[in-house]
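The values are calculated or read from the model by the stated rules, or taken from the named source; none is laboratory data. Since the structure is predicted, the reported quantities are computational estimates derived from the model, not experimental observations. Note that each Cβ is placed from the backbone with ideal geometry, even for glycine, and that neighbours are counted across all protein chains shown.
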Amino acid sequence: MDGYQCFGCAPQNPNGLQMTFVEDGEYVISEWEPKDYFQGYYKVLHGGIQATLMDEIASWLVQVKLKTAGVTSKMTVRYKKTVPIDKGNIKLRARLTGQRRNLAEIHVELFCGNNELCAESDFVYFTFSHEVAVKQLHFPDYEEFFEE
């Protein structure tokens, strides 16, 4: 969409994360290459960027698995280990753990380049009706999530 500049996933946003996603069974998966300018401590991925990566994949889970849009209502992050930015790509996976009315519960795991679990988070997402998502939030057709 013209003017679309999502910090998490817009491929044309030079200042963003430019994340990509694949659906794998019950999971939505992302592999992301860290850049030097996303570090906090020397060669360590900033904790706020870690949280943003996890929030973005949770959002994509809502969009792909529940076929609607949603917004973060609650986010609980547990940082377990520092995430080196020079040891390979970061891997994330998200899965739906519960749903009641318009609230979706999502668990996300973040693995560093050597596949160690470094952070995890639990989310509650407020989801919109499909009608609201399409009319007010420009929610695309499901197939558009998988176009290159």
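Each residue in the stretch 1-53 was checked for being among the aromatic types (Phe, Trp, Tyr) and in contact with a helix residue (DSSP H, G or I) (Cβ under 9 Å, 6 or more places away or on another chain), and 5 of them qualify. Checked against (1) closer than 20 Å to Phe21 by Cβ; (2) in contact with a Gly (Cβ under 8 Å, 6 or more places away or on another chain); (3) not in a strand (DSSP E or B), Val64 passes all but a single condition, namely (2). Candidates are the residues of the stretch 67-112 that are of a type in the set (Gly, Ala, Ser) and in contact (Cβ under 8 Å) with a residue 12 or more places away in the chain; the one that is surrounded by the most Cβ atoms within 10 Å (Cβ to Cβ) is Ala94.
Looking across the stretch 113-135, just one residue is modelled with pLDDT under 95, in contact with a Phe, Trp or Tyr (Cβ under 8 Å, 6 or more places away or on another chain) and either surrounded by fewer than 16 Cβ atoms within 10 Å (Cβ to Cβ) or closer than 12 Å to Ala58 by Cα (or both), and that is His130.
Of the residues examined, Ile57 is one that is surrounded by 19 or more Cβ atoms within 10 Å (Cβ to Cβ), part of a helix (DSSP H, G or I) and touching a Lys or Arg at 6+ places or on another chain (Cβ under 9 Å).
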